[in-house]
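Q: This is the structure I want to talk about, given as structure tokens.
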Amino acid sequence: MAKSADPKLGAGPVAKIRAGQHECFDRLVFDIDGPAAEWSARYVDRVERDGAGGTVPLRGGASLLIVVIADSYDSYLPENRTDVVNVAGWQTFRQVALAGNFEAHYSIGLGVRARLPFRVFTLDGPGDGSRVVVDVAHQW
């Protein structure tokens, strides 16, 4: 099931992407340098590169497309766009890849083991920043 948040004006840029393992889920966090952005997340048959087109190959049995509307000029550009965060050996996550940063759409392809339940939410802080959080369950 697709999920999304209402748009908020003046969203800051993506400052960093990080991930963590928990007992029941794997977590991906977008640190936003300012107010939380509009976001959407859904399972797709394939993740397409923003602007240029073409498929972003992802490891795993399912592909989750996460789009954060953010200040695209100052957003985080990782050195390794294919493996933004090292999730090798994790229970659910298989790969985190940058799909694009085009016209304020910051897109990440998340390769996961299977089409498992997920949730997305925002948190305030630290300071004036915010976070978009994606949790994907380890099982159904």
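The values are calculated or read from the model by the stated rules, or taken from the named source; none is laboratory data. Here the structure is a predicted model, which means the values were calculated and not measured. Don't worry about glycine lacking a Cβ; one is built from the backbone with ideal geometry, like all the others, and counts go over all protein chains shown. For accessibility, only protein heavy atoms count, side chains too; no ligands or nucleic acids. Shrake-Rupley method; radii C 1.70, N 1.55, O 1.52, S 1.80 Å.
Q: Quick one: length gained pulling residue 123 to residue 73 fully straight, 0.36 nm per residue minus the C-alpha distance? Don't skip to the end; give the middle numbers.
A: Details: separation 50, 0.36 × 50 = 18.00 nm, distance 2.27 nm.
Full extension from residue 123 to residue 73 adds 15.7 nm.
Q: Can you compute the charge dipole magnitude of the stretch 24-115 about its Cα centre, using +1 on each Lys and Arg Cβ and -1 on each Asp and Glu Cβ, nothing else charged? Give it in debye, rounded to the nearest 20.
A: Working: 9 positive and 12 negative charges, 132 e Å.
About 640 debye.
Q: I'd like the chymotrypsin sites (Phe, Trp or Tyr not before Pro) in the stretch 22-118 restricted to DSSP loop residues with at most 16 other Cβ atoms within 10 Å, sorted by number.
A: Working: sites: 25, 30, 39, 43, 73, 76, 90, 93, 102, 106, 118; in loops: 73, 76, 90.
Answer in residue order: 73.
Q: Most fluctuating residue of 45, 26, 71 in a GNM of the chain with Cα springs under 10 Å: which is it?
A: Comparing 45, 26, 71 in a Gaussian network model of the chain, the most mobile one is 45.
Q: Taking all protein chains in place and a 1.4 Å probe, what share, in percent, of the accessible surface of the stretch 22-140 do carbon and sulfur account for?
A: With neighbouring chains kept in place, the figure for the stretch 22-140 is 47 percent.
Q: In the chain, if the dipole is taken from +1 on Lys/Arg beta carbons and -1 on Asp/Glu beta carbons about the Cα centre, which of 104, 77, 43 is farthest to the positive end?
A: My answer, from the dipole projection, is 43.
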